[in-house]
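Have a look at the structure below, then the notes.
The values are calculated or read from the model by the stated rules, or taken from the named source; none is laboratory data. It should be emphasised that the depicted structure is a prediction, and the values quoted were computed from it without experimental measurement. Positions of Cβ are generated from backbone atoms using ideal geometry, with glycine treated the same way; all protein chains shown enter the neighbour counts. Ligands, DNA and RNA are stripped out before the accessible areas are found, and what is left, the full protein with its side chains, is counted by its heavy atoms. Shrake-Rupley method; radii C 1.70, N 1.55, O 1.52, S 1.80 Å.
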Amino acid sequence: MTAPLLSLHGIGKTFGSVTVLRDVDFAVQAGRVMALVGENGAGKSTLMKIVTGIHDPDKGGEIRFKGQPVRFHTPRQAMDAGIAIIHQELNLLPGLSVAENIFLGREPRTRFGSIDWSTMKARAAGLLARLKQDHVSPGAPLGRMGVGTQQMVEIARALSLDAEVIIMDEPTDALTDVETRILFEVIRSLKAEGKAIVYISHRLSEIFALCDDVTVLRDGQMVHTGTVADLTEADLIRHMVGREITDQYPHAKCPPGKVRLEVKNAVADGVEDVSFTARAGEVVGFAGLMGAGRTELARAIYGANRLQTGTVEVDGVPVPLKSPRDGVRAGIAYVTEDRKADGLIQPHSIRFNMALGALGRLSRGPVVDRRRETSAVAEYMKAFAVKAPDMDCPVNTLSGGNQQKVSLAKSLLTQPKIVILDEPTRGVDVGARREIYVLINKLKEQGLCVLLMSSDMPELLGLSDRILVLSHGRLTGSFDRGQATQEGIMERAVA
Amino acid sequence: MPSNATSRTAETAANGGAGKAVLRFLAANKSLVGLILLMAVVSLFSPNFLTVDNLLNILRQTSINAIIAMGMTFVILTAGIDLSVGSVLAFTGAVCASLVAADASLWVALPATLALGAALGAANGVVIAIGGVQPFIATLVGMTVLRGATLVYTDGRPITTMSDPFWAIGGEYVFGIPVPVLIAAFAFIVCWFVLSQMRFGRYVYAVGGNEQVTRLAGISVTRVKIAVYAVSGLMAALAGIILTARLESAQPTAGTAYELDAIAAVVLGGTSLMGGRGYIFGTLIGALIIGVLNNALNLMDVSSYYQMIAKGAVILLAVLVDSRGKTNR
């Protein structure tokens, strides 16, 4: 092996009294793709923020880039040196055009100092063509694009820097399968050009398909580094969680009860004439490609989106659904796909968030009953094994998995009959995932009716008693557990 | 968690020594430290400052702004703003004065005035929550329209009242304490209770924290918003009653620019204009800082032209200190 293009030695980082990284070594080679994996809270993002100048490391660590010791104090310095990062959260301005977003702060200028629009648009078009996004007009406002396209624009921005090291933090989370394949091709061509790629992902299959090397972080320490070819998936999981995980997808068998939910001819924004029933003690999985209408269906059943025609019956009683209030009253709970935007109120405490929807039950008249609230929140924190110092700690200090547990507990505190889980494990690490699966089984055994919307096929196949497939807002397939296969579902999903 | 001063002290006292608890309480209530420092400095410069009479005088002068600012706190906690409070004060004051002048019973005049204030505020809330108009614009319209309505209603002339019981609301003392101060103290206790102990208070913080999450939790964001503007209108009307009673007349131009002092008090008290964070105790302290500052500048014979500049500078300084603390965290 040649000398690494970028290397870090003995990097540590503490925030106040919390140690996030301890003595971490990390190195990437030109022309190779390095996977950086670890559970949520392992320190991956913090490490990359140090590399890109967002955080300063603690004293004692060393960063070398092209053999020279360097230290970046602002993201701009790192960018100018040739290190680009594609963040997990989209850092784009929806009001500006695609081209303006790509060249934000580095707009090409004319001789007179004004922005050279034609050069900018032409270069943007070139970058988009490289990502096979020719249908995207560089002058169109970004806000009108789907999340997947926005992610591609973010990637185009990183490419426009012509950086030597490109860090990608969960870039495929918002992408469709087709877009993911295009991204992989682009990464391979960048690799051939001699760029170094750092690839952060929870999706182990992607790591085995794409990456050359892998570094595993656990609790802020580097626990393994080596080539991907030397590892099996089980090895990797063991390194990540520090223990063996068997039976990744537990499934509880229980006899389905009476029909809890009946949806008849539902038509809503993105949903065309969907009918189905779901029983107590049953997990009904919803499969489909991105944009197939799963989230839209969930939101319509809950009252968050308007149901144009059709009816929703809970225990045989039609439910008027004008707002989520009606959904909650009818005993329907919805755990949102995007916890950051609409799942939790970030700076507020676990207590505040968990109790929010159930305050009616936890109050005497208009006054909140602190004692009842405390005991209910404590009970759910224990049942869900939420890892936090106490219930008054802000939810934004929790890891993704723990935030998801709080979000789940918040919905269940309303004592629903039906729970709709929309991508319950997105951005949740392997260990916490299994805990959430165990919880889903527990809910089922308690007689709840669970609707599971997920893009994670093994998860869907592992947990569901029945799988319904959506495509373009319509139901295109139905599989019982046992008959369902990944191929069979895929075939219906593209129908 | 929407924290408040008293529950914080209770918590800190439970898990630390008394000295540590005091330190932590002060760290959490920087505006209180600011107020104490300000009072210490002023007392060095002016021997007349730390006298019972003068302190009571400050409290009385502060009570009107404090009451308006408490209502404003509800609005700002939902990430809104209410620019109409000064005009609501003038309009409700005028209506109240004409009722009193027409010999209406105070038992009728006062509740009617408060209800009118709440209704005017609720109207702002409806325009904002149902009409979808930005709070800044909606209440700017409310401010303009109500000022005009006041001038129409009063024909541009003050309405004088001749009623001793009514005057007592603004001018009398009970146990040596001015009545407006007692009213403000009572309002503070009620506001504190609502924000920290009641379901509605939680919803106020929730709406300011994240509207979408609140809506998905099955809470009517529309109702919460209308209610906070109604609270603001009610408090402005209460302030209007006190001011009118004290002056024994309703001035058509009363309350001009009062919204600015109220917003300043809320911000000085550490409540975030982005919503979701802040507490009513801070607002009280913020109002007192402004009150002490006004009083001190008067005692030191600073011309009223310079007073405005000094006041602006102190507010800017306080907010800068506060925002530094936040970014360094």
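Numbers at a glance
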| item | result |
| --- | --- |
| Of the criteria (1) open to solvent by 40 Å² or more (accessible area, probe 1.4 Å); (2) in contact with a Leu (Cβ under 9 Å, 6 or more places away or on another chain); (3) within 24 Å of B:GLY176 (Cα to Cα), which one B:PHE45 fails | (3) |
| Residue list for region A:353-375, restricted to those being part of a helix (DSSP H, G or I), open to solvent by less than 60 Å² (accessible area, probe 1.4 Å) and more than 7 Å from every other protein chain (Cβ to nearest Cβ) | A:ASN353, A:MET354, A:ALA355, A:ALA358, A:GLU373, A:THR374 |
| Residue check, A:ARG32 closer than 30 Å to A:ALA234 by Cβ and either basic (Lys, Arg) or in the same structural domain as A:LYS387 (by TED's automatic domain parsing) (or both) | yes |
| Criterion: under 24 Å from A:MET152 (Cβ atoms), open to solvent by 10 Å² or more (accessible area, probe 1.4 Å) and in the same structural domain as A:MET48 (by TED's automatic domain parsing) - qualifying residue of A:ALA196, A:ALA229, A:ALA192, A:ALA234 | A:ALA192 |
| Subset of region B:186-212 [touching a His at 6+ places or on another chain (Cβ under 9 Å) and of a type in the set (Gly, Ala, Ser)] | B:ALA206, B:GLY209 |
| All positions within region B:225-249 that are open to solvent by 10 Å² or more (accessible area, probe 1.4 Å) and hydrophobic (A, V, I, L, M, F, W, C) | B:ILE226, B:ALA227, B:ALA230, B:VAL231, B:LEU234, B:MET235, B:LEU238, B:LEU243, B:LEU247 |
| Residue in region B:137-154 that is under 17 Å from the mean Cα position of the chain (by Cα) and closer than 21 Å to B:ALA66 by Cβ present | yes |
| Selected residue [buried (at least 24 other Cβ atoms within 10 Å of the Cβ) and away from every other protein chain (no Cβ under 11 Å)] from A:ILE345, A:ILE332, A:ILE301, A:ILE350 | A:ILE301 |
| Only one of A:VAL450, A:VAL469 that is in contact with a Ser or Thr (Cβ under 7 Å, 6 or more places away or on another chain) and at negative phi | A:VAL469 |
| Those residues of region A:176-185 which are open to solvent by 10 Å² or more (accessible area, probe 1.4 Å) and without any contact (Cβ under 8 Å) to a residue 60 or more places away in the chain, in sequence order | A:VAL178, A:GLU179, A:THR180, A:ARG181, A:ILE182, A:PHE184, A:GLU185 |
| Condition met for A:GLU206 (touching a Ser or Thr at 6+ places or on another chain (Cβ under 8 Å), surrounded by fewer than 21 Cβ atoms within 10 Å (Cβ to Cβ) and either at pLDDT 85 or above or part of a helix (DSSP H, G or I) (or both)) | yes |
| Criterion: open to solvent by less than 10 Å² (accessible area, probe 1.4 Å) and at pLDDT below 90 - qualifying residue of A:GLY488, A:GLY427, A:GLY473, A:GLY482 | A:GLY473 |
| Helices (runs of 4 or more DSSP H) lying entirely in region A:81-173 (those with 3 or more residues that are in contact (Cβ under 8 Å) with a residue 40 or more places away in the chain) | A:98-102, A:147-160 |
| Sole residue being open to solvent by less than 30 Å² (accessible area, probe 1.4 Å), acidic (Asp, Glu), in contact with a strand residue (DSSP E or B) (Cβ under 9 Å, 6 or more places away or on another chain) and more than 11 Å from every other protein chain (Cβ to nearest Cβ), chosen from A:GLU337, A:GLU282 | A:GLU282 |
| Selection within region A:396-410 - open to solvent by 10 Å² or more (accessible area, probe 1.4 Å) and hydroxyl-bearing (Ser, Thr, Tyr) | A:THR397, A:SER399 |
| Members of region A:117-156 that are touching a Pro at 6+ places or on another chain (Cβ under 7 Å) and of a type in the set (Ser, Thr, Tyr) | A:THR119 |
| Candidate set: region A:56-80, residues that are touching a Lys or Arg at 6+ places or on another chain (Cβ under 7 Å) and within 23 Å of A:VAL214 (Cβ to Cβ); chosen: the one modelled with the highest pLDDT | A:ILE63 |
| Verdict on B:VAL181 being more than 14 Å from chain A (Cβ to nearest Cβ) and either under 30 Å from A:ALA304 (Cβ atoms) or open to solvent by 10 Å² or more (accessible area, probe 1.4 Å) (or both) | yes |
| Any chance A:ALA27 is touching a strand residue (DSSP E or B) at 6+ places or on another chain (Cβ under 9 Å), under 18 Å from A:GLY226 (Cβ atoms) and at pLDDT 85 or above | yes |
| In region A:22-40, the residues that are under 19 Å from A:GLY242 (Cα atoms) and open to solvent by less than 10 Å² (accessible area, probe 1.4 Å) | A:VAL24, A:ALA35, A:LEU36, A:VAL37, A:GLY38 |
| Selection from region A:304-327 of residues that are more than 13 Å from chain B (Cβ to nearest Cβ) and either acidic (Asp, Glu) or open to solvent by 40 Å² or more (accessible area, probe 1.4 Å) (or both) | A:ARG306, A:GLN308, A:THR309, A:THR311, A:GLU313, A:ASP315, A:GLY316, A:VAL317, A:PRO318, A:PRO320 |
| Number of the condition not met by A:ALA268 [criteria: (1) in contact with a helix residue (DSSP H, G or I) (Cβ under 7 Å, 6 or more places away or on another chain); (2) farther than 30 Å from A:LEU321 by Cβ] | (2) |
| Test: residue in region B:288-305 that is of a type outside the set (Val, Ile, Thr) and under 30 Å from B:TYR203 (Cβ atoms) | yes |
| Set A:ILE467, A:ILE440, A:ILE420: member being over 17 Å from A:GLY288 (Cα atoms), in the same structural domain as A:ASP273 (by TED's automatic domain parsing) and β-branched (Val, Ile, Thr) | A:ILE440 |
| Residues that are open to solvent by 10 Å² or more (accessible area, probe 1.4 Å) and either more than 10 Å from every other protein chain (Cβ to nearest Cβ) or not polar (S, T, N, Q) (or both), drawn from region B:192-207 | B:TRP192, B:PHE193, B:VAL194, B:MET198, B:ARG199, B:PHE200, B:TYR203 |
